[in-house]
Amino acid sequence: MSAPTPEPAEPTVPAAAPVRPAVPEPSDSARASLEALRSEIAKAVVGQDAAVTGLVVALLCRGHVLLEGVPGVAKTLLVRALAASLELDTKRVQFTPDLMPSDVTGSLVYDARTAEFSFQPGPVFTNLLIADEINRTPPKTQSSLLEAMEERQVSVDGTPRALPEPFLVAATQNPVEYEGTYPLPEAQLDRFLLKLTVPLPSRQDEIDVLTRHADGFDPRDLKAAGVRPVAGSADLEAAREAVAKTTVSPEIAGYVVDICRATRDSPSLSLGVSPRGATALLSTARAWAWLTGRDYVIPDDVKALALPTLRHRIHLRPEAEMEGVTPDSVIASVLAHVPVPR
């Protein structure tokens with residue numbers, strides 16, 4: 001009797017590879033962290049979305065911001081809320097007529113124990129410097145920030161000392177009170193990447209402000225308001241790398257140049273936008289494009305950032321000022337007349 005024929009073995013089926021969740025790109029995570037800044041700042045400041053966006057753009061571009069608005073519109077509170085939402089070192093300087101440059105940059109101090117001079121760093125050695133009412137200090141002290149803002153270093157007694165990275169100056173100024181103020185010279189205004197206007201709130205926003213105060217909100221205690229850090233230096237670095245990869249077509253570059261050159265030909269201006277201003281506009285447009293989720297710049301990105309990037313880089317003729325012309329109206333006219341690339 002023959003042995004039974006064995007049944008064929010079942011074919012071996014390889015085990016399915018475990019499905020791994022998609023790992024978000026560092027740039028996507030950084031974008032989410034920076035977008036979360038809005039909700040955190042909103043816990044302390046009602047409205048002012050444009051100013052918040054401008055501050056985020058400045059962080060991405062390694063630029064500085066000048067906030068201008070009448071007293072009481074939360075300019076300083078806005079910057080303090082930004083600082084509380086970031087895991088960055090922050091210092092504040094109240095600019096006054098008697099403030100000396102060494103009060104900002106630091107100075108050499110004699111140590112009797114070692115019989116040597118040692119450097120004591122000033123408040124400029126921080127990540128986010130709040131320069132409150134910057135136009136209330138004389139030009140000599142204002143100029144102490146020029147090297148810090150442009151070169152990101154401070155020279156004391158001939159020795160340059162590097163500032164921390166990231167480093168951003170957020171300065172505030174009052175546009176209506178001129179007594180005891182020193183207008184910023186064009187050279188220093190040009191160091192600011194953006195000039196943001198902080199307007200009076202709408203009626204509903206002002207009602208929300210009063211409601212918060214009635215419920216016990218204390219603008220001096222942001223922790224009690226629930227403001228917490230949601231982004232840090234690693235997020236900023238990843239975001240900046242992504243912004244640097246944002247594509248700029250030759251047509252967009254030409255559009256930026258045409259806008260800036262048109263300001264130089266405006267009959268209302270005695271000083272148009274410099275090449276540095278054109279570079280700044282391109283940088284802010286790239287940052288805005290990345291924030292909105294694109295890796296390329298379109299003309300609308302340039303238009304969106306033209307006013308805050310250029311308004312402080314032009315100078316009106318006296319006769320134009322007397323006729324009620326403003327820097328914003330000149331830039332708006334330029335944007336309306338410069339051909340937009342297809």
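Just one of (1) surrounded by 11 or more Cβ atoms within 10 Å (Cβ to Cβ); (2) modelled with pLDDT of 90 or more; (3) not hydroxyl-bearing (Ser, Thr, Tyr) trips up residue 214, so point out which. Result: residue 214 passes all but (1). Only a single item in (1) more than 24 Å from the chain's Cα centre (by Cα); (2) within 24 Å of residue 53 (Cα to Cα) is not met by residue 311, and it is number (1).
So that you can scan it fast, the table gives a plain yes or no per residue for (1) more than 24 Å from the chain's Cα centre (by Cα); (2) in a strand (DSSP E or B); (3) without any contact (Cβ under 8 Å) to a residue 40 or more places away in the chain:
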| residue | (1), (2), (3) |
| --- | --- |
| 160 | yes, yes, yes |
| 164 | no, no, no |
| 181 | yes, no, no |
| 212 | yes, no, no |
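In summary, residue 213 fulfils each of the numbered conditions (1) in contact with an Asp or Glu (Cβ under 6 Å, 6 or more places away or on another chain); (2) more than 24 Å from residue 273 (Cβ to Cβ) with the single exception of condition (1).
Taking the listed residues 95, 119, 125, the one that is closer than 19 Å to residue 68 by Cβ, among the aromatic types (Phe, Trp, Tyr) and in contact (Cβ under 8 Å) with a residue 12 or more places away in the chain is 95, with no other qualifying.
Among all positions in the range 297-312, there is at least one residue which is in contact (Cβ under 8 Å) with a residue 60 or more places away in the chain and assigned to a loop (DSSP other than H, G, I, E, B). Sort out which residues of the range 50-83 are open to solvent by less than 30 Å² (accessible area, probe 1.4 Å) and among the small types (Gly, Ala, Ser), and write them in order of number. Hits for the range 50-83 are 51, 54, 58, 63, 69, 81, 83.
Within the range 92-118, the residues that satisfy the criterion of being loosely packed, with under 15 Cβ neighbours inside 10 Å and assigned to a strand (DSSP E or B) are 94, 108, 109, 110, 111, 116, 117, 118.
Yes/no matrix, rows are residues, columns are (1) open to solvent by 60 Å² or more (accessible area, probe 1.4 Å); (2) among the acidic types (Asp, Glu); (3) in a helix (DSSP H, G or I):
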{"position": "209", "(1), (2), (3)": "no, no, yes"}
{"position": "227", "(1), (2), (3)": "no, no, no"}
{"position": "240", "(1), (2), (3)": "no, no, yes"}
{"position": "251", "(1), (2), (3)": "yes, yes, yes"}
{"position": "256", "(1), (2), (3)": "no, no, yes"}
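Look at the range 251-276 and say how many of its residues are modelled with pLDDT of 95 or more and under 24 Å from residue 62 (Cα atoms). Total meeting the criteria: 8.
For the range 295-317, the set of residues classified as open to solvent by 10 Å² or more (accessible area, probe 1.4 Å) and closer than 16 Å to residue 263 by Cα consists of 303, 305, 307, 308, 311, 312, 313, 314, 315, 316, 317, listed by residue number. The set of residues from the range 194-207 being open to solvent by 40 Å² or more (accessible area, probe 1.4 Å) and hydrophobic (A, V, I, L, M, F, W, C) comprises 200, 207.
The values are calculated or read from the model by the stated rules, or taken from the named source; none is laboratory data. As the structure is a computational prediction, the values presented were derived from the model and not from experiment. All Cβ positions, glycine included, derive from the backbone under ideal geometry; neighbour counts span all protein chains shown. We work out accessible area using only protein heavy atoms, side chains counted, and drop any ligands, DNA or RNA first. Shrake-Rupley method; radii C 1.70, N 1.55, O 1.52, S 1.80 Å.
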